[in-house]
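The values are calculated or read from the model by the stated rules, or taken from the named source; none is laboratory data. Here the structure is a predicted model, which means the values were calculated and not measured. Virtual Cβ from ideal backbone geometry, glycine too; neighbours counted across all protein chains shown. With ligands, DNA and RNA removed, areas are computed over all heavy atoms of the protein, side chains included. Shrake-Rupley method; radii C 1.70, N 1.55, O 1.52, S 1.80 Å.
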Amino acid sequence: MRIMKKIKLLILMVCSVSMAWAQKPTVECVAFRQGFDNFPTPGKGTITLVSGKSIKGEFQQGLTVKMDRWQWHGDDGQLHQIKEKDVQRVVFSPDMKFVDKDIAIHVGISIGGKSSSDIQNKNLPFNIPQFDSFDREKYYKPLILERVVTSISKKGKQNSRLMVLVNNGFDSRYKVYVDLGQKTTSFGQGFNLFSLLFGGGETGNYYKSFWVLKKGAPQSIRIKQPAGIPFLFGAFRNKEFVDLFSDNPDFMACYPKSFKRKFKYTPEFFWVYDQKSKKQ
């Protein structure tokens with residue numbers, strides 16, 4: 001009986017120490033903008049056509065698409081019938097009555113019952129501006145759709161579609177896009193055994209696949225999270241990572257070892273690369 005009591009006491013002490021240790025702050029990593037589920041939806045903005053013409057206006061509540069054309073009410077008093085294939089770019093502020101209020105910025109995080117005040121921004125140990133200096137309210141709130149070339153045939157025919165820009169504000173060298181409705185994958189969030197025993201840790205969101213367009217390139221390339229055997233052999237760490245960023249030695253010096261090039265850190269990589277490139 002005494003042995004059982006000692007074991008129970010030891011377990012209680014371990015749990016108490018672990019829970020006390022778990023009160024240390026959680027670190028939030030660099031994040032892309034969240035995707036967007038439904039478009040068109042009521043709201044205001046500017047549509048730029050492939051022809052170069054820009055039309056300020058709004059989607060009004062009610063019928064936003066008739067047949068295959070967007071019903072765009074221009075500030076010029078006209079109802080513009082616009083085909084999606086003729087649209088090059090959209091900068092849009094949705095009417096928040098019709099969308100999830102967290103979708104534009106998505107900064108609310110709760111880890112193991114902790115309040116958001118217990119969450120700190122990740123301190124990047126590089127000589128660059130930190131991500132907490134980034135104005136997410138300014139850059140992530142507007143929805144930006146752009147026509148992205150996904151492939152070019154041997155005869156020069158382009159295949160393209162409208163996608164959501166998700167690295168608004170740090171896209172001077174690379175623009176990162178996802179399809180409408182694409183969701184992010186979360187890590188380090190929620191109450192689990194690890195957070196109970198160890199606490200803290202990193203939390204964040206990333207896309208399992210995205211399209212990247214380098215400034216001046218004729219078409220984008222698709223990047224996907226490796227799985228299984230390709231992951232074990234460093235498919236992303238030693239190939240796509242190098243292909244994307246090796247033209248900047250200053251950036252590569254930040255991640256000299258392959259095991260630090262985790263796919264879930266892709267938003268961080270594009271942030272650091274953008275900041276390092278501005279110094280060149």
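Table: residues versus (1) assigned to a loop (DSSP other than H, G, I, E, B); (2) at pLDDT 95 or above; (3) open to solvent by 40 Å² or more (accessible area, probe 1.4 Å).
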{"site": "190", "(1), (2), (3)": "yes, no, no"}
{"site": "196", "(1), (2), (3)": "no, no, yes"}
{"site": "204", "(1), (2), (3)": "no, no, no"}
{"site": "210", "(1), (2), (3)": "no, yes, no"}
{"site": "216", "(1), (2), (3)": "yes, no, yes"}
{"site": "244", "(1), (2), (3)": "no, yes, no"}
{"site": "266", "(1), (2), (3)": "no, yes, no"}
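Please determine whether any residue of segment 46-64 is touching a residue at least 60 places away in the same chain (Cβ under 8 Å) and in contact with a Pro (Cβ under 9 Å, 6 or more places away or on another chain). Within segment 46-64, not a single residue is touching a residue at least 60 places away in the same chain (Cβ under 8 Å) and in contact with a Pro (Cβ under 9 Å, 6 or more places away or on another chain).
Quick one: in segment 1-56, of everything that is more than 27 Å from the chain's Cα centre (by Cα) and crowded, with 16+ Cβ neighbours inside 10 Å, which residue is modelled with the lowest pLDDT? This residue is 22. Condition (residue is within 22 Å of residue 216 (Cα to Cα) and at pLDDT 90 or above) applied to segment 136-145: is it met by at least one residue? Looking through segment 136-145, at least one residue is within 22 Å of residue 216 (Cα to Cα) and at pLDDT 90 or above. Residues of segment 223-233 being modelled with pLDDT under 95 and crowded, with 16+ Cβ neighbours inside 10 Å, which ones? The answer is 225, 226. Within segment 70-96, if we keep just the residues that are among the charged types (D, E, K, R) and exposed (fewer than 14 other Cβ atoms within 10 Å of the Cβ), the residue that is nearest to residue 148 (Cα to Cα) turns out to be 85.
Condition check: modelled with pLDDT of 95 or more, over 20 Å from the mean Cα position of the chain (by Cα) and within 28 Å of residue 151 (Cβ to Cβ). Does residue 248 satisfy that? In short, yes.
Selection of segment 127-150 for residues being farther than 15 Å from residue 32 by Cα, in contact (Cβ under 8 Å) with a residue 60 or more places away in the chain and open to solvent by less than 40 Å² (accessible area, probe 1.4 Å) yields 128, 148, 149, 150.
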